[in-house]
Amino acid sequence: MTETTVNVDRGAAAIDVQNLHKYFGDNEVLKGIDFHIGRGEVVCVVGPSGSGKSTLLRCVNMLEQPTSGTILVEGDEITDPDADVDALRARIGMVFQSFNLFPHMTVLRNLTVAQEKVLKRGRAESVEIARANLEKVGLSDKADAYPAHLSGGQQQRVAIARALSMNPDMMLFDEPTSALDPELVGDVLAVMKSLAAEGMTMMVVTHEMGFAREVADKVVFMDGGVIVEEGAPADVLGNPQHERTQAFLSRVL
Ligand code: ADP
Ligand code: MG
């Protein structure tokens, strides 16, 4: 019997990372990470620069190859050498610090191209879904604009709408507001907050402690390639138990 997808366990966690190690050369940047996100949960990952946050997030959708360990996405093992990585990756929306829109395409085309090429949706359906997602991020009037004519905050909201147009089961955000002018951060966070309220599963690497405190179900503090502390935002951010967490928070809060 040929099976293209492995054991879809609908009761499984959205993301289940077990004993993940990642080396770049002989530099061990993830030193045995265990990390879980339940369906519909929002988990914020915080920690100093270089602590391995991006590498962890990138391992979850196989932009980086883990050195060892197991990663399950909704019960499917993406670290299995026989896994259909493209199919698994299609279920995960990704938003980066640097927007990464296609500069030579209009906003609308940015939102339809992968729907047509990857999901094989027809043009009309792709456009309909794209317009619904532009409305969701408050940019219905920008469908025909080119990315260069938008503010950074608008570009990031387009990037979110583009990811949502693929109907992902979960969204990964890597410092989505870090490149933005301060006055543009709020609009992007508001879109993310409404996504969370709709029940989207989200993994968010961020330095926005206010967002983490308000929106996260769980905050994970990383330092030096390990998870030092995790728990409810009020505990981790409000009453950190570890010296390293306290030192980090005293610098950023
Ligand atoms: P963070 O997102 O917390 O700032 P990263 O995951 O980006 O941390 O980086 C963790 C460590 O891994 C850093 O020391 C960084 O220099 C190193 N690193 C990240 N990506 C690569 C890469 N592609 N090649 C080599 N080293 C890398
Ligand atoms: Mg990073």
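The values are calculated or read from the model by the stated rules, or taken from the named source; none is laboratory data. Because the structure is predicted, anything quoted here is derived from the model rather than measured. Note that we place each Cβ from the backbone using ideal geometry, even for glycine, and neighbour counts take in every protein chain shown. These area figures cover heavy atoms from the full protein model, side chains too; ligands, DNA and RNA do not enter into them. Shrake-Rupley method; radii C 1.70, N 1.55, O 1.52, S 1.80 Å.
Can Leu108 be described as open to solvent by 20 Å² or more (accessible area, probe 1.4 Å), touching a residue at least 24 places away in the same chain (Cβ under 8 Å) and in a helix (DSSP H, G or I)? For Leu108, the condition - open to solvent by 20 Å² or more (accessible area, probe 1.4 Å), touching a residue at least 24 places away in the same chain (Cβ under 8 Å) and in a helix (DSSP H, G or I) - is met. Would you point out which residue out of Gly50, Gly32, Gly25 is open to solvent by less than 60 Å² (accessible area, probe 1.4 Å), within 16 Å of ligand 1 (Cβ to nearest atom) and more than 19 Å from Ala163 (Cβ to Cβ)? The conditions single out Gly32.
Looking only at segment 73-82, which residues are out of contact with any helix residue (DSSP H, G or I) (no Cβ under 7 Å at 6 or more places or on another chain) and crowded, with 19+ Cβ neighbours inside 10 Å?
Those that are out of contact with any helix residue (DSSP H, G or I) (no Cβ under 7 Å at 6 or more places or on another chain) and crowded, with 19+ Cβ neighbours inside 10 Å: Glu74, Thr79.
For segment 88-103, residues that are open to solvent by 40 Å² or more (accessible area, probe 1.4 Å) and touching a residue at least 40 places away in the same chain (Cβ under 8 Å) total 7.
The listed residues are Leu180, Leu249, and the only one of them that is within 16 Å of ligand 2 (Cβ to nearest atom), out of contact with any Cys (no Cβ under 9 Å at 6 or more places or on another chain) and farther than 18 Å from Leu134 by Cα turns out to be Leu180.
Selection of segment 51-61 for residues being part of a loop (DSSP other than H, G, I, E, B) and within 8 Å of ligand 2 (Cβ to nearest atom) yields an empty set. Taken across segment 211-226, residues that are crowded, with 21+ Cβ neighbours inside 10 Å, of a type in the set (Lys, Arg) and in contact (Cβ under 8 Å) with a residue 60 or more places away in the chain do not occur at all.
Selection of segment 190-229 for residues being more than 18 Å from the chain's Cα centre (by Cα), of a type outside the set (A, V, I, L, M, F, W, C) and part of a strand (DSSP E or B) yields Asp223, Glu229. Residues that are closer than 19 Å to Ile129 by Cβ and either modelled with pLDDT under 95 or open to solvent by 40 Å² or more (accessible area, probe 1.4 Å) (or both) within segment 147-165 comprise just one, Arg162. In summary, Thr70 fulfils each of the numbered conditions (1) over 30 Å from Leu237 (Cα atoms); (2) open to solvent by 30 Å² or more (accessible area, probe 1.4 Å); (3) more than 16 Å from ligand 2 (Cβ to nearest atom) with the single exception of condition (1).
Could you please find all residues in segment 126-146 being assigned to a helix (DSSP H, G or I), open to solvent by 10 Å² or more (accessible area, probe 1.4 Å) and either of a type outside the set (Ser, Thr, Tyr) or at positive phi (or both)?
Passing the criteria: Val127, Glu128, Ile129, Arg131, Ala132, Asn133, Glu135, Lys136, Asp141, Lys142.
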